[in-house]
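Here is the structure we will look at.
The values are calculated or read from the model by the stated rules, or taken from the named source; none is laboratory data. Here the structure is a predicted model, which is why all the values come from computation and not from measurement. Here the Cβ is made from the backbone with ideal geometry for all residues, glycine too, and neighbour counts use every protein chain on show.
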């Protein structure tokens with residue numbers, strides 16, 4: 001049997017740990033001027049005369065383009081596995097917790113997720129890079145949801161009701177004492193002005209402000225405009 005490493009088979013992908021080590025030693029090329037996405041097909045950095053190469057003893061030499069392609073394939077493989085696990089969880093564990101009238105809808109969602117390409121754009125949402133089917137894969141416990149899922153939920157509520165507004169996300173931190181502190185972080189001026197502007201609209205009833213604590217926990221402040229309470 002031929003060794004795919006020795007012949008540099010086009011379908012050969014470096015092992016995960018070795019690939020991560022290669023990514024760690026490559027200089028950062030993901031700048032605003034030449035952004036690179038390793039999650040989907042996208043343009044690489046602007047070509048130059050210099051070819052960045054990593055030489056691995058007893059394995060071979062690999063260019064930045066090859067390493068980035070390997071990483072895209074690895075991420076796609078991970079996404080596909082999550083995409084298989086999510087419909088299975090929804091059908092076997094999530095379905096029994098839903099009211100009977102939602103069972104057919106849950107089965108339809110599971111089938112749609114299973115049959116769709118991971119990086120397919122989700123309908124009914126704005127065209128943002130994070131609004132792909134991979135966002136739904138993270139609904140399977142104990143996987144953590146991303147901020148994109150929270151933002152998409154608020155966006156759907158705003159579009160579906162007409163009386164809600166999404167003010168934007170806020171980063172919070174836990175306090176050791178339940179008292180006001182002079183060192184408390186002030187709310188971003190732009191966010192505050194946006195909230196005040198929405199509150200003046202006569203048709204608005206609720207304003208959503210999702211709060212992220214240390215990238216580990218989410219809660220959502222709901223400002224009830226008419227009742228003047230949070």
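When you check residue 58 against the structure, is it surrounded by fewer than 16 Cβ atoms within 10 Å (Cβ to Cβ) and in a loop (DSSP other than H, G, I, E, B), yes or no?
Considered against the rule, which asks whether it is surrounded by fewer than 16 Cβ atoms within 10 Å (Cβ to Cβ) and in a loop (DSSP other than H, G, I, E, B), residue 58 comes out as yes.
Would you call residue 106 in a helix (DSSP H, G or I), in the same structural domain as residue 207 (by TED's automatic domain parsing), in contact with a helix residue (DSSP H, G or I) (Cβ under 8 Å, 6 or more places away or on another chain) and surrounded by 15 or more Cβ atoms within 10 Å (Cβ to Cβ)?
no
Which condition from (1) surrounded by 13 or more Cβ atoms within 10 Å (Cβ to Cβ); (2) modelled with pLDDT of 60 or more; (3) in a loop (DSSP other than H, G, I, E, B) is the one that residue 36 breaks?
All conditions pass for residue 36, except number (2).
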